[in-house]
């Protein structure tokens, strides 16, 4: 397929939504920039524009590369990215973490690219028609593929990115039509551990498991063993809690009760909720957000951009923003369902999951549904490596959405 012919087959809705989201992000960043201590030349607004141009070029490259290249070299790319996310440990800590590789004046965060490279590897493995998806041992390799980079990124003190790397596993194995019972075996213990500290939640989960096992596990003896095994996993909850660092424990406790530490670990949450709530339906107007410009709201240009937009543009604007995100995810799922090859459809599902996970975690964090964890909002938040990764994912999505396999 020629260059022009392939461009005609591209999904222009995805292109339009991605660039519109980027422009919305610039609107928010420009508002922050007018009150930043830095000059406009060094503001996050201008840095975002600088990173747009290489991001756009990388998007085009990802779109025009033959699909066979991604299939052939996915394992090699995986080995390279594992080495890349290990490199920061050889340098000095930045903001108390090992996340960046310094390349001249730039800092590159390799974990941002690991998120979608893991998807490529999973897609290649799960699209192999020689594997038997009716055996649980078949899933051991995908689990290892995901766990290795996740463990490394956790050691970098980047729990948010590690969650995103993990997020694509379940949707991709579900899309590959793995036995639902195997999926339940993966997520059941996690839910048991999370609900064990709350008696009502644990009781509801215990009752729910009976119905789930009745549907997905026709073997009575196996179902009974699975049921009581998962209940026992709840006993590990105190041990899991002890593995969390003190600041992580405090964030969880202040999520449940912000008054425990209103000037400490709950400060970001309280200021974010105040910013969003004070914006009302139509907002205070561009550049007039008091929480933003009086610097009550920390890390506003990345983690809490949704709070900035909510305060200045209002709930109505946020509703439009969510409609755009919903349209983007819908188009990705549509391409996956219409794809004529398994490899492409699995990549589309994986990338769609990554984008959706970022949206959910970032917004849920900003309104206090989950503990505060630094994850940017796709195309909206400032962040060079993340913006490059987002445009590369869009190029890859457009590529996989074209029904050819060069």
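The values are calculated or read from the model by the stated rules, or taken from the named source; none is laboratory data. None of the values given here were measured: they were computed from a predicted structure. Neighbour counts run over all protein chains shown; Cβ positions are idealised from the backbone, glycine included.
General remarks:
- Qualifying residue in segment 152-165 (condition: modelled with pLDDT of 90 or more, within 22 Å of the chain's Cα centre (by Cα) and not in a helix (DSSP H, G or I)): no
Every residue, every condition in (1) under 15 Å from the mean Cα position of the chain (by Cα); (2) closer than 17 Å to residue 116 by Cβ; (3) in contact (Cβ under 8 Å) with a residue 12 or more places away in the chain, yes or no:
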position: 307; (1), (2), (3): no, no, yes
position: 314; (1), (2), (3): no, no, yes
position: 334; (1), (2), (3): no, no, no
position: 375; (1), (2), (3): yes, yes, yes
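- Any chance residue 203 is in a helix (DSSP H, G or I), touching a helix residue (DSSP H, G or I) at 6+ places or on another chain (Cβ under 8 Å) and either free of Cβ contacts under 8 Å to residues at least 60 places away in the same chain or over 14 Å from residue 184 (Cα atoms) (or both): no
- Just one of the numbered conditions (1) at pLDDT 80 or above; (2) not in a loop (DSSP other than H, G, I, E, B) is not true of residue 340: (2).
- When the criteria are applied in full, residue 114 meets the requirement of being at pLDDT 80 or above and under 22 Å from the mean Cα position of the chain (by Cα).
- Checking every residue in segment 178-196 against the condition of being surrounded by fewer than 17 Cβ atoms within 10 Å (Cβ to Cβ) and not in a helix (DSSP H, G or I) gives zero matches.
- Of all residues in segment 119-130 being surrounded by 16 or more Cβ atoms within 10 Å (Cβ to Cβ) and without any contact (Cβ under 8 Å) to a residue 60 or more places away in the chain, the one that is nearest to residue 393 (Cα to Cα): 121
- Search result, residues across segment 343-384 that are closer than 16 Å to residue 162 by Cβ, modelled with pLDDT of 85 or more and in a loop (DSSP other than H, G, I, E, B): 376
- Residues (farther than 23 Å from residue 217 by Cα and free of Cβ contacts under 8 Å to residues at least 60 places away in the same chain) located in segment 142-163: 144, 146, 147, 150, 151, 154, 162
- Boolean, residue 324 is surrounded by fewer than 24 Cβ atoms within 10 Å (Cβ to Cβ), in contact with a strand residue (DSSP E or B) (Cβ under 9 Å, 6 or more places away or on another chain) and more than 18 Å from residue 168 (Cβ to Cβ): no
- Residue in segment 81-88 that is out of contact with any helix residue (DSSP H, G or I) (no Cβ under 8 Å at 6 or more places or on another chain), touching a residue at least 60 places away in the same chain (Cβ under 8 Å), more than 21 Å from residue 336 (Cβ to Cβ) and surrounded by 21 or more Cβ atoms within 10 Å (Cβ to Cβ) present: yes
- Note on segment 8-101: no enclosed helices (runs of 4 or more DSSP H) hold 2 or more residues that are modelled with pLDDT under 90 and touching a strand residue (DSSP E or B) at 6+ places or on another chain (Cβ under 6 Å).
- So residue 306, is it over 22 Å from residue 280 (Cα atoms) and part of a helix (DSSP H, G or I): no
- The single condition among (1) modelled with pLDDT of 85 or more; (2) outside any helix (DSSP H, G or I) that residue 299 does not meet is (1).
- Qualifying residue in segment 393-402 (condition: closer than 25 Å to residue 169 by Cα, in contact with a strand residue (DSSP E or B) (Cβ under 6 Å, 6 or more places away or on another chain) and in a helix (DSSP H, G or I)): no
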